[in-house]
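The values are calculated or read from the model by the stated rules, or taken from the named source; none is laboratory data. No experiment lies behind these values; they were computed from the predicted model shown. Quick reminder, even Gly has a Cβ in these numbers, built from the backbone with ideal geometry, and neighbours come from all protein chains shown. Ligands, DNA and RNA are excluded from the accessible area calculation, which covers all protein heavy atoms including side chains. Shrake-Rupley method; radii C 1.70, N 1.55, O 1.52, S 1.80 Å.
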Amino acid sequence: MVENFMISDRHPIRDPQHARVVGYCAGCGHEIYEGDEIIELPGGEMLHESRDCAYDFCAEIGFAKTAGE
């Protein structure tokens, strides 16, 4: 399967056999490779620079509730 590099959070020109994993996304749990665009959090955690990963991370550490109640 070929990803569209214009909407992918993965680097478009990467040799998968030589890519170095530098960590794991605190949002989606997938590998973060050297050269990926990330958001680094206090404590050394990393997120892919994507709204989905940020949402997943916030939903994991936060609590859902109705405002004002």
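Amide H of residue 30: which non-local residues (sequence gap of 5 or more, or other chain) have their own amide H closer than 5 Å, using H built in the peptide plane?
For residue 30, the qualifying residues are 25.
Write down the accessible area per residue of segment 19-65 in Å², having rolled a 1.4 Å probe over the full set of protein chains.
73 Å²
Given points 7 Å out from each Cα along the Cα-Cβ axis, report the residue 21 to residue 39 separation in nanometres with one decimal.
2.3 nm
Using a probe of 1.4 angstrom, how much of the accessible area of segment 19-65 is carbon and sulfur, in percent?
Using a 1.4 Å probe with all protein chains present, segment 19-65 comes out at 51 percent carbon and sulfur.
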